[in-house]
Structures are given as structure tokens and as C-alpha cells.
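Heads up, the thing below is written out as C-alpha cells.
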Amino acid sequence: MTKKVNLYFCVIILLFVSLLSGCSKKKEPVTDSAYMLGTHLNITIWTENEDEGKKVIKECFKRISEIEKKMSVNIKDSEINNINKNAGKEFVKVSAETSKVLNKALKYGEISNGAFDLTVGKFVKLWGIGTYNERIPSKSEIDDALKYVDYKLLKKDEKNGYKLDKEGMRIDLGGIAKGYAADEAYRILKSNGIENAVINLGGNIFTLGTRPDGEIWKIGIQDPFEPTGTYMGIVQFSDKAIVTSGNYERFFIKNNKRYHHIIDPKTGYPSENGIISTTIITNHSIDADALSTSVYILGVKKGLDLIEKLDDVECIIVTKNRKVYLSSGMKDKFKIKNNSFQIEN
Ligand code: ADP
Ligand code: MG
């Protein structure tokens, strides 16, 4: 699949880093960027040793590149594409980490009641959102594809690996792999003794430790109606994964209608339930990533019900009519910065 230079790419979350005020004298920011997993990656760490710092960030990018090679559907011989090629035929063995991500994705399929579905690949391909092939599929194409999207048809065998039950089915880990990659970057930074860092994998943010001045990180939540970098509210958290899914990230517009990249597996169409962005805050990015996609599709009521059932998970939901819904643990951690949005209680 040809990848289009993504003009719509947005860094969803704007970071407020006070580099000057109160920083320890010795620690300086070191930053580096890359393009992988179909998105822009940026890692900033605060360190006393610039050369070491650069090396550690490079190590993170190398790790993410290994993950991409195994899990991307845009890499021909990735482990995921091997499963896809053998759909309806045979089991395929995969590495322990691909297995871990597949199992997590299956788990989120269960707990979201199928809103998160790792076999959404057939729809992703049909709509082509974010590629040169984007288009509105016909009703009969959608009806046909619906037969090939069901996470329960991914069979697991301890010894032999994974097999999709029907030929034509397609796994796509676009809704979860970046989360896993962010967790791996966090692990590498931490094991190298880094105490203050911000990992940003195309909007999957992970704040490591506190700000270099010891303060809690303040993270701006993108205003879904405004250009990138305009925030509608601020959250304050340290050492947390923060992931946003929004309809403004990847989309095309036809006949005044916006078609975006978060597909409701039950209908085959981009999810339309009034939500325009969901942000999840929790301890691991893999969970935040899968849940941001899940809650987006579940809608406000079911989405909040799911989040309240989970420990240490918080969310912010923004709807088209500028209402903001918060999970119970968010109420004192989120501040509106634009009064045209209204918090619903
Ligand atoms: P982004 O990748 O832009 O950060 P998301 O985390 O919400 O946004 O993931 C969207 C991606 O997840 C899509 O591009 C597609 O690859 C995949 N996806 C789309 N719909 C679903 C779904 N219902 N369940 C699981 N994955 C999905
Ligand atoms: Mg996601």
C-alpha cells in the first residue's frame, strides 16, 4: 500500500515544558525525531550527558523499528502479514512480543464487546484512509467485508501460533502497536537511568517521571476544531501514558462529509456517535491506545461505563456539540482552557 505524505498529521497533544524555570542546572534537554509506524515520533529526555542521551534515544528508535518490522501491515513480510497471507490456510508462528500484542488486542476485543477489533484490516484496506486509495466503498463491498471482520475468528494454538479462520481476513494493529512501541521506549529510557522524558509517538504521549524541575507535567488536549497546537484543556499527570484518538487525525472529506480512520466493526463505516475525540490516561500506553479507539466507537455512555470498571484508567471524551465528559478520577485533574467547551456532570 502506498503511503501518502500525511498532510493531516497532527500532534494531538501539545506539551508545555518549562525549560528555563527552576530546571536543575546540569540537566539539558536532548531531543530526536523519526518517522515510523506511519507517523512522526519524537523523544525528548533531560540529561547531564548529551552524547549518552542521543544514544539512548537512538536505541529507542531502533527498538521501534524492530516492532514495525514485525507488526506493520505496510511491511510485506511482517509477522502480521504472514498471518494475513495464511488466512484460512495454516497457523503461523510469531515472536513472543507480537504474540503479546495480539493477545492484548484480543483481550480488548472482549472487554469492548467487539468495538475494538484487530481483524478490522479488510475495512482499513477498503476505505484506504491515509493512503492514495481513499474512497467510499459501495454498500455491497461493505456488506461483503463484514463477513471478514470478527476477532473471534483469530485462532490461537500454544505450539503453532495464530490462524485467521477465513481466507481474506486481515489483522491490522494500527489501533494498538504504537502503544506497545511507546511502552518499549519508556522501558528503555527507564533502564538507562533517565528520570525525565516525554515520548510522543504520533500523539501517543508517555511522560516519564516529572518535569526536570520536579513539577507535574501539564499536557494540553488538542482542540478538535482548531489547527494543531491549539488546546481546549489541560491535564496534569506525571509518569502516565496519554493517548488520544480523534476524527481529525486521518480523514478525507467527500460531499461535505468527513470520513475518518476509526471504523465501527459492526457497520464497516467510520464511527459516528457524536464523539470527536477520546483521550485515555493510564499506566501503559498499549492499554491507553486500545482503549482510546474502543471508547471512541463505544460512545459516551458505554465508553464511560467501561472506563469506570477499569482500575487506574481515566478518560476525557469530547463531542461534536462541544461537550466534555470526564471519568470520575479526572474531575480535579482536567482544566478547561476554552469556555466554548462545557463539562457535563
Ligand atoms: P491513531 O493511529 O491515529 O493514533 P487510533 O489509535 O484510534 O488512532 O487507531 C486508529 C487505527 O486503528 C486505524 O488507522 C486502523 O489501523 C485501526 N482501527 C480502526 N478501527 C479499528 C477498530 N474498530 N478496532 C481496532 N483497530 C481499529
Ligand atoms: Mg488506539
*Förster-model FRET efficiency, 45 Å R0, Asn255 and Lys69, C-beta, rounded to 0.05*: 0.70
*asked:* Mean-square fluctuation check for the chain, GNM, Cα pairs under 10 Å: which of Asp77, Asp332, Asp165 is largest?
replied: Asp332
*Which loop-located GluC sites (Glu not before Pro) does region 84-139 contain, where loop means any DSSP state but H, G, I, E or B and the Cβ has at most 14 other Cβ atoms within 10 Å?*
Glu90
*Which residues' amide hydrogens lie under 5 Å from the amide hydrogen of Lys218, considering only partners 5 or more residues apart or on another chain, with H built in the peptide plane?*
Phe16
*Evaluate the distance, in nm, between pseudo-label points positioned 7 Å from the Cα of Lys320 and of Asn192 along their respective Cα→Cβ axes.*
4.5 nm
*What are the GluC sites (Glu not before Pro) within region 151-212 that DSSP puts in a loop, where the Cβ has at most 16 other Cβ atoms within 10 Å?*
Glu158, Glu167, Glu195
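Would you calculate, for the chain, the mean residue ellipticity at 222 nm contributed by helices, counting each DSSP H stretch of 4 or more residues as -39,500 (n - 2.57) and dividing by all residues, to the nearest 500?
Calculated mean residue ellipticity at 222 nm is -9000 deg cm²/dmol.
Classify the chain as rounded, prolate or oblate, taking a ≥ b ≥ c as the square roots of the eigenvalues of its Cα gyration tensor: rounded when a/c is under 1.5, otherwise prolate if a/b is larger than b/c and oblate if not.
oblate
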*Measuring from label point to label point, each 7 Å out along Cα→Cβ, what is the Lys266 to Ser340 span in nm?*
3.2 nm
*Looking only at region 165-205, which residues have a backbone nitrogen under 20 Å from a spot 7 Å from the Cα of Lys55 in the C-beta direction?*
185-197
*Label point distance in nm, Ser328-Gln236, each placed 7 Å from Cα along Cα→Cβ*: 2.3 nm
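Any read-out appearing in this document is the output of simple, stated calculations on the displayed coordinates, not a laboratory observation. Every value quoted in this text rests on a predicted model; they were computed, and no experiment measured them. A quick note on method: Cβ atoms are made from the backbone with ideal geometry, for glycine too, and the neighbour counts reach across all protein chains shown.
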